[in-house]
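Working notes, beginning with the structure itself.
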Amino acid sequence: MTARLDRIREKLTQAQAAFCRVADAIPGELWAQQPGPEQWSAAQVVGHLVVVERAIIGKADSVAQRTPLRIPRLKRMHLPLWLVQARVIRRKSPLPLDDGLIAEKETMLGELRGARERTLAFLSETQGRNLDTYYWRHPFLGMLNTYEWMEMIAAHQLRHAKQVREIHGTVSRKW
């Protein structure tokens, strides 16, 4: 179990570092600029990441307080997590964007770091327990257990790092 948690922590740390490298390339004056109609700005992407990560950790914390439900093996099957990171299928977020999170670049990146610190703290707080049996449904992938959700957070952040890289290219050319 410790090796698995170490791998998950490493994925979360690497995803955060990769995302921050991409986000750091965007100048503050272009932070909230949308590259086009119906396209998110870098600020909106970070707001989305914060909302999603907080929601997942909130749910994980809630689910871990209860007795796990027995889920038949067939119902536990899900699409592979690499689909999240690949960005081959565009998805609309099931969670609404919280415009109240839109702020200056450094403030927002601080919120993102805070969300990740909470995620890592959750893993530390529960490391003596086996959370493999705690499942809930992902709106696209299917049923994931708690550890798969943690891996999904990392894959989701890497997916959006690609998006922010695209945003940077577009808004820089326009500017």
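Remarks
- This model, with +1 at the C-beta of Lys and Arg and -1 at the C-beta of Asp and Glu, gives the chain a dipole about its Cα centre of some 840 debye.
- Positive-end extreme of charge dipole, the chain - chosen from TYR134, ILE102, LEU112 (charges on Cβ): TYR134
- Sparse-neighbour loop sites [trypsin sites (Lys or Arg not before Pro); the range 1-91; at most 12 other C-beta within 10 Å; DSSP]: ARG66, ARG70, ARG90, ARG91
- Helix runs (DSSP H) in the chain reaching 15 Å along axis by Cα, Kyte-Doolittle at least 0.0: 42-64
- For the range 125-141 versus the range 69-83, the inter-centroid distance based on Cα atoms is 11 Å.
- Using a probe of 1.4 angstrom and keeping all protein chains present, the accessible surface of the chain works out to 55 square angstrom per residue.
- Added length on full extension, which subtracts the Cα-Cα distance from 0.36 nm per residue, ARG66 to THR133: 23.0 nm
- Measuring between alpha carbons in the structure, the pairs from LYS59/LYS162; LYS11/LYS59; LYS105/LYS162 lying more than 22 angstrom apart are LYS59/LYS162.
- Ranking VAL51, VAL164 from most to least accessible surface, computed with a 1.4 Å probe over the protein chains only, gives VAL51, VAL164.
- Local net charge near TYR134, Cβ-Cβ under 12 Å (Lys/Arg +1, Asp/Glu -1): +2
- Apportionment of accessible area to carbon and sulfur, the chain, percent (1.4 Å): 53 percent
- Its alpha carbons give the chain an Rg and a Dmax of 16.7, 54 Å.
- Listed residues MET150, GLN39, LEU79: farthest to the positive end of the dipole of the range 1-152 (Cβ charges): LEU79
The values are calculated or read from the model by the stated rules, or taken from the named source; none is laboratory data. Here the structure is a predicted model, which means the values were calculated and not measured. Every residue, glycine among them, receives a Cβ derived from its backbone with ideal geometry; neighbour counts consider all protein chains shown. Remember, those area values only see protein heavy atoms, side chains included, never the ligands or the DNA or RNA. Shrake-Rupley method; radii C 1.70, N 1.55, O 1.52, S 1.80 Å.
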